[in-house]
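These notes are about the structure you will find just below.
Read-outs throughout are calculated quantities, based only on the coordinates presented, and are distinct from any laboratory measurement. Since the model is a prediction, treat every value here as computed from it, not as a measurement. Because the Cβ atoms are built from the backbone with ideal geometry, glycine has one as well, and the counts that use them run over all protein chains shown.
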């Protein structure tokens, strides 16, 4: 299986989690559509599917890095391998926190690590204790955040992003800037864009080129090389096409 299929499965798990959350809240759907005489909540199932979205997203990223995870103990292996990329600084520690929290909840509800040593098919939703609404809602939001990041990082190498303000390659999640809601911005780097605004708001293209030339010289490039690169790349970027 390639990383795109894992990404697709991760996205589907989020959709399913959202559907189950809606059904849990709307008793009329349970009664009218599914003929459930005594409506129940299925928030534990929401948490479970949110975890699997994170699990498949992590597997997609690892596969993109050349690491294929398979049974036995694939949940444990996936988490440990993912953790290494956080410890190396390639991935944001917040992603690991999301993953770890989801794993703890999934272990409580599903007994994932125990089941890896036995038969996976024995689990049914009927055996799951019901979690409350807030952890379920939070699980969906965390899964969405994790998915956005993994989807961004798993794009084909041909689709490798560069900052649309300065041209910096966006190779790792920590390279991306942030929107005003705290989520990663997928077009600009953190040097240029934070909390929904450009750090050098109002700068002209000419001055931005000079800024890049200065930075290039600091990185060991000659002024001629740095100026040629900046003058060639910057005018083609989205931020400067508008000016």
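Values computed for the structure shown
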item: Helix-only CD estimate at 222 nm, as mean residue ellipticity for the chain, using -39500 (n - 2.57) per DSSP H run (n ≥ 4); result: -18000 deg cm²/dmol
item: Spacing of the two label points (7 Å from each Cα toward its C-beta) at residue 228 and residue 40, in nm; result: 7.0 nm
item: Cα-based helix-to-principal-axis angle, 223-233 vs the chain, degrees rounded to 10; result: 50 degrees
item: Inter-part distance where the stretch 14-45 and the stretch 147-225 are each reduced to a Cα centre, Å; result: 43 Å
item: Segments 42-55, 211-224 sorted - mean Cβ within 10 Å per residue, highest first; result: 42-55, 211-224
item: Cα gyration tensor, the stretch 27-75 - rounded (a/c under 1.5), prolate or oblate; result: prolate
item: Principal axis dimensions, largest first and in whole angstrom, of the stretch 173-241 by Cα; result: 40, 24, 17
item: Range of Cα positions in the stretch 1-61 per principal axis (Å), largest first; result: 43, 18, 13
item: Over the chain: Kirkwood hydrodynamic radius from C-alpha pairwise inverse distances, Å; result: 20.4 Å
item: Burial order of peptide ranges 98-107, 80-89 (average beta-carbon count within 10 Å, highest first); result: 98-107, 80-89
